[in-house]
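K.L.:
Here it is, the structure, as C-alpha cells.
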Amino acid sequence: MLKGRGIIDTACTGHYFQKSVIRAGKLKNIRKTRDTQQVNLPNGSTMKSTHQAQLNINALPKEAGTVHLFPDSELVIGSLVSVPTLCDANLTATFTKSKCYVTSNVPDEAPSGNVIIEEERSPTTGLWTILTTSHRKTMPTLLLQ
C-alpha cells in the first residue's frame, strides 16, 4: 500500500524511518546512535532506535533533518516524517487537497517562502506521503538547492 513511501505525519515527534531506507541512498551521515529514541506504541509496548542519520536534502536546516532509524520489524507502518520537527526548525508545512509543501521562513521573502519539499497525497490512502526509495536522486521534489 505505501511501499517505498513514508507518511508525512503531524503527530510524530521525530523523523522515524525503517532501517531498510539506508539502502535507498536517501540518508547521509548514518551512524549507530548514542541518543536512543524510545517510542511508546498504542499497544503499550515500546521500540528503540538503533541508528541516526540526516535526510539527504541540502536545503533542509540540520536540526530539521535528523532521522532515527528503527528495525523494519518494529516500525511496521513504514517511515514517518515529522511535521512538528520541520516546524520547530522554522519551516512551514502546508497541506492542500492533493499536495504537501514545506517552505522556509526566510525573513523579507514572500509569506510562503522558498519551497523545499513538494509531495503528493495518496489517492488510495488519503495520506500525504514522501518517496523513500531510490526512484529519484533526491528524496522529495526539491525546488531550492
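The values are calculated or read from the model by the stated rules, or taken from the named source; none is laboratory data. The structure presented is a predicted model; accordingly, all values stated were derived computationally and were not measured. Positions of Cβ are generated from backbone atoms using ideal geometry, with glycine treated the same way; all protein chains shown enter the neighbour counts.
K.L.:
Report, ordered by the first and then the second residue, all pairs with beta carbons closer than 6 Å, sequence separation of six or more or different chains, a first member in the range 1-27 that is under 19 Å from residue 125 (Cβ atoms), and a second member that is at pLDDT below 80 and surrounded by fewer than 17 Cβ atoms within 10 Å (Cβ to Cβ).
P.N.:
4/133
K.L.:
Can you confirm whether residue 62 is out of contact with any Leu (no Cβ under 9 Å at 6 or more places or on another chain), surrounded by 13 or more Cβ atoms within 10 Å (Cβ to Cβ) and not acidic (Asp, Glu)? Can you show your working first?
P.N.:
Working: out of contact with any Leu (no Cβ under 9 Å at 6 or more places or on another chain): yes; surrounded by 13 or more Cβ atoms within 10 Å (Cβ to Cβ): no; not acidic (Asp, Glu): yes.
Spelling it out, it is not the case that residue 62 is out of contact with any Leu (no Cβ under 9 Å at 6 or more places or on another chain), surrounded by 13 or more Cβ atoms within 10 Å (Cβ to Cβ) and not acidic (Asp, Glu).
K.L.:
Condition (residue is surrounded by fewer than 17 Cβ atoms within 10 Å (Cβ to Cβ), outside any strand (DSSP E or B) and of a type in the set (A, V, I, L, M)) applied to the range 13-21: is it met by at least one residue?
P.N.:
Checked the range 13-21: no residue is surrounded by fewer than 17 Cβ atoms within 10 Å (Cβ to Cβ), outside any strand (DSSP E or B) and of a type in the set (A, V, I, L, M).
K.L.:
Separate question: Within the range 2-42, track down each residue that is at positive phi and either modelled with pLDDT under 85 or hydrophobic (A, V, I, L, M, F, W, C) (or both).
P.N.:
Result: 4, 25.
K.L.:
Which pairs do you get when a residue that is closer than 22 Å to residue 10 by Cα, found in the range 117-138, comes within reach of a residue that is among the aliphatic types (A, V, I, L, M) and modelled with pLDDT under 90, reach meaning Cβ atoms under 6 angstrom, with the pair 6+ apart or on two chains?
P.N.:
Sorted first by the residue in the range 117-138, then by its partner, the pairs are 119/130; 132/21; 133/24.
K.L.:
Within the bounds of the range 43-56, is there any residue that is under 15 Å from the mean Cα position of the chain (by Cα) and either at pLDDT below 90 or under 16 Å from residue 118 (Cα atoms) (or both)?
P.N.:
The answer is yes; a qualifying residue exists.
K.L.:
Could you go through the range 126-144 and let me know if any residue there is modelled with pLDDT of 90 or more, in a loop (DSSP other than H, G, I, E, B) and at negative phi. It would help to see each step written out before you state the result.
P.N.:
So in the range 126-144, the residues modelled with pLDDT of 90 or more come out as 126-129.
Now restrict to residues that are in a loop (DSSP other than H, G, I, E, B): 126-127.
So of that shortlist, the ones also at negative phi come out as 127.
Scanning the range 126-144, I find at least one residue that is modelled with pLDDT of 90 or more, in a loop (DSSP other than H, G, I, E, B) and at negative phi, so the answer is yes.
K.L.:
Still on this model: Just to be sure before I move on: is residue 89 among the aliphatic types (A, V, I, L, M), over 14 Å from residue 8 (Cα atoms) and at pLDDT 85 or above in the structure I sent?
P.N.:
Details: among the aliphatic types (A, V, I, L, M): yes; over 14 Å from residue 8 (Cα atoms): yes; at pLDDT 85 or above: yes.
So residue 89 passes the test.
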